[in-house]
Every structure is written in structure tokens, then in C-alpha cells.
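Trainee: Before I ask anything, let me first share the structure, which is written out below as C-alpha cells.
The values are calculated or read from the model by the stated rules, or taken from the named source; none is laboratory data. No experiment lies behind these values; they were computed from the predicted model shown. Cβ placement follows ideal geometry from the backbone for every residue including glycine, while neighbour counts extend to all protein chains displayed.
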Amino acid sequence: MSKIAEAFANGKAFIPFITVGDPDAQTTAACVREMVAAGADLIELGIPFSDPTAEGPVIQGANLRALKGGMTTDKVFDLVRDLRKDVTIPMVFMTYANVVFSYGAERFIRTCSEVGIDGLILPDLPFEEKEEFLPACHTYGVDLISLIAPTSENRIAMIAREAEGFIYIVSSLGVTGVRSEIKTDLASIVQVVRENASVPCAIGFGISEPAQARKMADISDGAIVGSAIIRLLERYGKEAPAQVGAYVRSMKDALR
């Protein structure tokens with residue numbers, strides 16, 4: 001069983017996302033530890049990037065604040081090293097192909113393995129171009145996590161068959177952000193995924209309320225939440241960790 005599979009072994013998984021360095025590294029580390037204590041099953045760490053094309057204004061703002069605060073890829077790796085002294089649940093990076101390329105793909109993926117990152121999500125990497133990174137991921141034991149969107153249509157089965165770690169199902173067209181309702185026919189997408197994949201799937205984009213998380217987890221293996229957490233950081237700044245922990249606990253309780 002891969003480390004990521006363990007996150008889904010005890011019922012529905014709750015997967016929170018946080019942008020590293022917003023507002024600073026110490027707050028990120030405190031938030032991660034609060035999220036673990038609150039029952040998070042897997043944590044998505046966003047490496048800040050100047051042009052995050054899949055992100056809505058909330059997470060774009062977090063990227064800009066983190067970069068303005070001096071966060072770099074090396075500092076992100078240092079933070080993960082520190083977290084791994086006591087954080088044992090799986091952690092994955094969410095970033096963009098350019099971040100990996102500019103660092104040096106093999107060096108980046110090797111360092112992920114060294115510091116204890118279990119997977120890599122690259123929303124701007126087309127399925128057909130994943131061979132750019134896959135050999136290094138296999139060499140160093142880092143799962144390259146596939147995304148399936150409502151527009152994937154006849155490619156869903158193909159992507160699902162080759163998926164590793166878990167499959168990130170994008171709930172809606174457009175960018176990340178809180179949505180009042182999710183209208184995509186996700187049940188039919190999940191059905192095709194389940195018929196073809198050997199790994200679990202979780203739904204993200206637009207989820208902010210416990211009831212939404214419950215609904216998404218009812219049809220998949222878990223729920224992913226980002227923008228709602230970033231809003232707490234935007235509002236409370238360095239005082240956010242306790243707020244983030246309480247929020248994650250309420251979302252995880254909804255999935256139990």
C-alpha cells in the first residue's frame with residue numbers, strides 16, 4: 001500500500017490545501033500541525049507561483065503574498081523537512097510544471113523524496129505530456145497524481161487506468177474558488193473512474209461547507225478544500241492556525 005493509499009484506508013478522506021508561506025513559513029507550519037490534529041488525512045501543500053493558471057483570486061492572492069514574503073522552492077523543502085519531524089500523514093505538492101522545470105525536474109523530484117513528499121499534482125501538465133516527469137517520479141517513489149475534469153470526457157477511462165496515488169476529480173469548469181452549488185454530473189464521472197482505476201478518487205474545486213464535503217464524499221472517496229482555508233488565512237493572518245484547525249475538524253466530522 002502506498003503512503004497515499006493509507007489516507008483513504010479509514011473511511012472518507014479529508015484533504016485540506018494550504019499555500020506555503022502565506023503569510024509566512026511559521027504560520028504555514030502551525031496550520032499544518034493544527035490540520036493534522038483536527039483529523040486531516042492528507043495535506044496538499046501549494047508551492048507559490050507567479051502565474052497559477054488553475055487558481056481563482058483567493059489562492060492567487062495567497063501565491064502573491066507568499067512570494068512577496070520571500071518564499072522560495074528551497075524554503076518550501078526546508079519547511080517540509082521540519083514538518084516531517086512529527087507529521088506522519090501523507091503530504092503532496094500542488095504546483096505548476098514551470099516550477100519543476102526551473103528547479104530541474106530530476107533534482108526537484110529527488111528532493112521531494114528526500115524530504116518526505118509522497119505525490120505531485122501539476123494542474124497545467126497535460127496527460128499526454130506526463131512522460132516528462134514520470135520516469136523520475138518512479139525512480140524516487142513520488143506519485144504523479146492525475147486530474148480529471150468535466151471536460152476530460154472520453155479520456156476519463158484512459159487517465160484513470162494509468163493513475164497513481166489518488167485521482168483528483170475537478171468538480172467544476174473554471175478555476176478554484178468557493179461555489180454555492182456544484183452542478184456537474186460528478187456521479188457519472190466517478191463511475192467511469194471506478195471502473196478503470198486501481199486508486200481512490202477525491203473531489204475538489206468549490207467545496208467550502210461541511211454539507212458539500214459530505215455530498216462529494218458520498219459519491220467519491222474524499223473531499224479536497226483549498227479556497228475556504230485560504231480565506232481564513234487572509235482574514236486572520238498569523239492568528240489563523242486555531243481557526244484553520246477548527247474548520248478542518250468540522251469538515252472531517254461531516255465525513256465520518
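Trainee: If I filter region 97-149 down to residues being part of a helix (DSSP H, G or I) and of a type in the set (V, I, T), which single residue comes out as surrounded by the most Cβ atoms within 10 Å (Cβ to Cβ)?
Mentor: I109
Trainee: Need pairs with beta-carbon distance below 6 Å; first residue among the aliphatic types (A, V, I, L, M) and within region 191-207, second part of a loop (DSSP other than H, G, I, E, B) and at pLDDT below 95; sequence gap 6+ or separate chains.
Mentor: Partner pairs satisfying both residue conditions: I203/S171.
Trainee: Right, another one. Looking at (1) surrounded by fewer than 22 Cβ atoms within 10 Å (Cβ to Cβ); (2) farther than 22 Å from E153 by Cα, which is the only condition L233 fails?
Mentor: Unmet condition: (1).
Trainee: Just checking, how many residues over region 64-96 are among the β-branched types (V, I, T), within 17 Å of the chain's Cα centre (by Cα) and not in a helix (DSSP H, G or I)?
Mentor: Residues that pass the stated criteria total 5.
Trainee: Of the residues that sit in region 40-79 and are of a type in the set (G, A, S) and surrounded by 20 or more Cβ atoms within 10 Å (Cβ to Cβ), which one is nearest to S250 (Cα to Cα)?
Mentor: Among them, the one singled out is A40.
Trainee: Would you please list the contacts, defined by Cβ atoms under 6 Å and residues six or more apart or on different chains, that run from a residue in region 240-256 that is surrounded by 19 or more Cβ atoms within 10 Å (Cβ to Cβ) to a residue that is polar (S, T, N, Q) and part of a helix (DSSP H, G or I)?
Mentor: No pair meets every condition.
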